Amino acid sequence: MTEVCTELSKFIWEGVMPLTAYTSVILAAIIGVSYAVGNALSNPKLTLWSKTEAVQMVISIASVVVLLGFMNLFCTIQVGELATIFSKPLPGAGNDMDLYAAADTYLVNAQTYAYKALSAIRYHLEAYSVLSSFNEFQCDFPIGRFALGCLFGNSGQGFPPFGGYGALMGALNVFFNTALMTLFTVMNFSMILSATLGGLVFIFIPFGIFMRSMPFMRTFGSLLISLAISFMVVYPLMLSVLYLMSDTLLDAKNGFTPLSSVYNENNFPQYEGNALGQSMMGEDYTKAQYFYGGNEENPVGAIVFAAYAFVSAVFLPSVAMLATLATIGYTTRLLGEEIDLSRIMQLV
Amino acid sequence: MKKLLLLLLLIPLAFAASWQEIAAIALVTSAILLGIIYGVGSGFNINELQALAKEEAFQLIATVVLVVVLVGSDSIINAISVNPQLAGEQVTGTSTMQEAANATLNSILTDLSGEMAVLSYYDHRVAIEGSKSGQCNVLQVGYGVSGCGGFSLVNPPLSLAGSILGFSIGEVSAMKRLLAISVEFSMQLLLPFGILLRTLKFTRGAGGFIIAVAISLHLLLPAGVLFNNMLVSEFRSNEASAEYRIPITKPVAAGGIRLPGMITALPVNIDLGTKTEVVPTMTIPECTPLDAIPSLIPGIPIPGPASIWEGAKTVLEDVNTDPMTVVAGVMSMETNEDRAAATYFGLRLLIRGFLFGALLNGTLGPVIALLMVMAGIRAFSAAAGAEVDVSAIARFV
């Protein structure tokens, strides 16, 4: 059992379950008193209400038992076993993780992936910004890289040897914003999962059980229980399935990048002391400072990387979230109430 | 735990070779689970359990119908999709529609990468010409002038074209990634997973949704790509598209000879693993910054774009025709101003070729395919009993 499950289990059994038992007992007492009062007053409406709510309370508690069963299963199954069953290759290391840990790991890795895409684009944008502003002055009457035209003044022609990178920078800027949004979105999904695994939705359970039996509050109570079931079962389950796809989705085998180059902040050269060298050795030397060795100039690759990151870190987690929301709708219907989720859907 | 899980699934899916077998095993597993529930209900005389098993059995029948429809559709669409006569030469040698769609996307991505290289080349050349400045002084007495400012007006449209082209590359790449997921996981993992989830009451909504996602990705995504490519190919062969068929690159010389002006397309190291060598069709005239005086040749006005277009559109279909030659044939190239205007008109002719590839293949295609997938998810999830509002994902389009 991983740390997530250990903490979660501790939170449930020491915090939520006593509260659930407490609210259930109070609810049972209220129902019992209502039934007694109904009998004493010979009020069939009250006794019928008491019987109905007693059944609903049993359904609520059964829902919680089902949820705990799923959670126990998820904390026991290892993701490697799941991969074996579906005949999928094991996603590198971490096959002994439980499903909750696998879900969390997928989102963490997706953040790494999105960040690397962002880095690749930023590297190109910075390099192009610098190269665009590089100017050369060619004196008239040249002799090699020297010229007589500048002997007593400045006579010659100035021009940017690398020209403009407007087209490439226009394209890269679009995907820089996309990659940034991708990173923030997957962080958002990760925070939702962390809050879920931190036990947030479990607070809903005792209130849900209580509210479902209160007049006019059954819809609200059903929603609370559905939220707990959906976010504790379906959301992590979907993400753990995505974890099984990590080799394809996140290029896990290739160090979480589809590119052969690794662009990060440390790759930029230090220029102190190189100014003279640059002025004497020409524009090719300057460009080689940015795109050299393993840092191949690959703006299309960077764009493709950002597009891949969008699919892996926004599109598919959104599908997981939609499946979760679909389950909320279905479970509330199962618990006897219908809710309109169209507003919540807009949050995705 | 493994044993428990295997017991739960009863039959491991590991030995199944194809997705059809995996789906069949998942269906059988679901049926066995329901049988167990019904048996327990009968054994302990629990009517609720028996009723539950019966209800779930009807749902399982609905799933079986969905899978049967899927198998039938898959075979028919496969047969159509891999026919080069219908789907284009790039699908030659493919055996499934997913492979055909992947070959089509690779072909589009290679073209777009080449176009980006050519566009970037023009952008560089025009920026260099536009930023040239001349200076003449002796002992700090003299003058400096930027006589090529006219060229700088050509850069903004090129930047905009670059953004559009980059966006198209991103869209096509996202489609490639989705297709890779479809090929590798939708039938082998998502479908059986969805079938199993759909067997359980609490997770039926999610199960139906996952089945819908799996089927839509497997069938409709590649179908959408191929369908759009067929439409584009049809349009390309039609006379109405003549104005858009302007070639932006010349053929690369056989035998790897490097032609003058040949540039290497920006590398797409992802999946394709190749670099494309392209030869731009247009030369950018050189600007001399100290030649800043406007045209001194009277009586040669700069022609309007319409007259250039009329003169050019018939000859530009030849890949070896340099648009600048066409433009230079109807206007003076004596001054920097004329050269800048000629560059603008020449690139204006070529921009149609860029837009043809970027908008039809790279933007419209993915939009059509994704809309088909969204519509499919909505329809299939409704058929599976869990209608999901996919407007959230549709907004990505």
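The values are calculated or read from the model by the stated rules, or taken from the named source; none is laboratory data. Small disclaimer: the values here were computed from a predicted structure and weren't measured. Cβ atoms come from the backbone with ideal geometry, glycine included; neighbour counts cover every protein chain shown.
Of the residues A:Ser42, A:Ser60, A:Ser50, the single one that is away from every other protein chain (no Cβ under 11 Å) and not in a helix (DSSP H, G or I) is A:Ser42. Specify which of the listed residues (B:Tyr143, B:Tyr121) is in contact (Cβ under 8 Å) with a residue 24 or more places away in the chain and either on the phi > 0 side of the Ramachandran plot or aromatic (Phe, Trp, Tyr) (or both). Result of the check over B:Tyr143, B:Tyr121: B:Tyr121. Is one or more of the residues making up segment B:180-198 more than 9 Å from every other protein chain (Cβ to nearest Cβ), under 26 Å from the mean Cα position of the chain (by Cα) and under 30 Å from B:Asp338 (Cβ atoms)? Checking segment B:180-198: not a single residue is more than 9 Å from every other protein chain (Cβ to nearest Cβ), under 26 Å from the mean Cα position of the chain (by Cα) and under 30 Å from B:Asp338 (Cβ atoms). Restricting to segment B:70-114, name every residue that is in contact with a helix residue (DSSP H, G or I) (Cβ under 8 Å, 6 or more places away or on another chain), among the β-branched types (Val, Ile, Thr) and part of a helix (DSSP H, G or I). Hits for segment B:70-114 are B:Val71, B:Ile77, B:Ile80, B:Val91, B:Thr104, B:Ile108. Against the numbered list (1) free of Cβ contacts under 8 Å to residues at least 40 places away in the same chain; (2) hydrophobic (A, V, I, L, M, F, W, C); (3) assigned to a helix (DSSP H, G or I), A:Phe189 comes up short only at (1). Taking the criterion of being of a type in the set (Val, Ile, Thr) and surrounded by fewer than 22 Cβ atoms within 10 Å (Cβ to Cβ), the residues of segment B:123-147 that qualify are B:Ile128, B:Val138, B:Val141, B:Val145. For segment B:105-113, indicate whether the set of residues that are at the interface with another protein chain (Cβ under 10 Å from one of its Cβ atoms) and among the β-branched types (Val, Ile, Thr) is non-empty. Checked against the condition, which is being at the interface with another protein chain (Cβ under 10 Å from one of its Cβ atoms) and among the β-branched types (Val, Ile, Thr), segment B:105-113 yields no hits at all. Scoring B:Ala212 on the criteria (1) free of Cβ contacts under 8 Å to residues at least 60 places away in the same chain; (2) buried (at least 24 other Cβ atoms within 10 Å of the Cβ) leaves a single failure, condition (1).
A quick yes/no check of all residues on (1) over 23 Å from B:Leu197 (Cβ atoms); (2) surrounded by 16 or more Cβ atoms within 10 Å (Cβ to Cβ):
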{"position": "B:Gly35", "(1), (2)": "no, no"}
{"position": "B:Gln50", "(1), (2)": "no, yes"}
{"position": "B:Val67", "(1), (2)": "no, yes"}
{"position": "B:Ala79", "(1), (2)": "yes, no"}
{"position": "B:Val91", "(1), (2)": "yes, yes"}
{"position": "B:Met97", "(1), (2)": "yes, yes"}
{"position": "B:Thr104", "(1), (2)": "yes, yes"}
{"position": "B:Glu115", "(1), (2)": "yes, yes"}
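Scanning segment A:150-184 for residues that are of a type in the set (Gly, Ala, Ser), at the interface with chain B (Cβ under 7 Å from one of its Cβ atoms) and either over 25 Å from A:Lys287 (Cα atoms) or not in a loop (DSSP other than H, G, I, E, B) (or both) gives A:Gly153, A:Ser155, A:Gly156, A:Gly158, A:Gly166, A:Ala167, A:Gly170, A:Ala171. Contact map, segment A:142-157: residues that are under 13 Å from B:Leu139 (Cβ atoms) paired with residues that are in a helix (DSSP H, G or I), Cβ distance under 6 Å, separation 6+ or inter-chain. Pairs shown: A:Ser155/A:Gly149. Evaluate the following for B:Ser168: is it more than 10 Å from chain A (Cβ to nearest Cβ), among the small types (Gly, Ala, Ser) and over 30 Å from A:Leu151 (Cα atoms)? Considered against the rule, which asks whether it is more than 10 Å from chain A (Cβ to nearest Cβ), among the small types (Gly, Ala, Ser) and over 30 Å from A:Leu151 (Cα atoms), B:Ser168 comes out as no.
Selection within segment B:325-339: residues that are surrounded by fewer than 22 Cβ atoms within 10 Å (Cβ to Cβ) and hydrophobic (A, V, I, L, M, F, W, C). The member of this set that is farthest from B:Tyr244 (Cα to Cα) is B:Met333. The residues of segment B:369-397 that are surrounded by fewer than 16 Cβ atoms within 10 Å (Cβ to Cβ) and at pLDDT 85 or above, listed by number, are B:Leu371, B:Ala375. Identify all residues within segment A:195-251 that are away from chain B (no Cβ under 12 Å), within 19 Å of A:Met97 (Cβ to Cβ) and among the hydroxyl-bearing types (Ser, Thr, Tyr); write none if there are none. Selection gives A:Thr196 alone. Considering the conditions (1) over 25 Å from the mean Cα position of the chain (by Cα); (2) at pLDDT 90 or above, B:Met175 is excluded by exactly one of them, (1).
Of the residues making up segment A:216-261, those that are outside any helix (DSSP H, G or I), in contact with a helix residue (DSSP H, G or I) (Cβ under 8 Å, 6 or more places away or on another chain) and not aromatic (Phe, Trp, Tyr) are A:Met217, A:Met245, A:Leu250, A:Asp251, A:Thr257, A:Pro258, A:Leu259, A:Ser261.
Just to be sure before I move on: is A:Leu259 more than 8 Å from chain B (Cβ to nearest Cβ), modelled with pLDDT of 80 or more and either surrounded by 20 or more Cβ atoms within 10 Å (Cβ to Cβ) or under 30 Å from B:Gly166 (Cα atoms) (or both) in the structure I sent? The answer is no for A:Leu259.
Table: residues versus (1) farther than 20 Å from B:Ala382 by Cβ; (2) touching a Gly at 6+ places or on another chain (Cβ under 8 Å).
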position: B:Gln20; (1), (2): yes, no
position: B:Ala31; (1), (2): yes, no
position: B:Ile36; (1), (2): yes, no
position: B:Asn45; (1), (2): yes, no
position: B:Leu49; (1), (2): yes, yes
position: B:Glu55; (1), (2): no, no
position: B:Val67; (1), (2): no, no
position: B:Val71; (1), (2): yes, no
position: B:Ser75; (1), (2): yes, no
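Failed condition for A:Leu82, given (1) within 14 Å of another protein chain (Cβ to nearest Cβ); (2) touching a Leu at 6+ places or on another chain (Cβ under 6 Å); (3) not β-branched (Val, Ile, Thr), with all others met? Single failed check for A:Leu82: (2).
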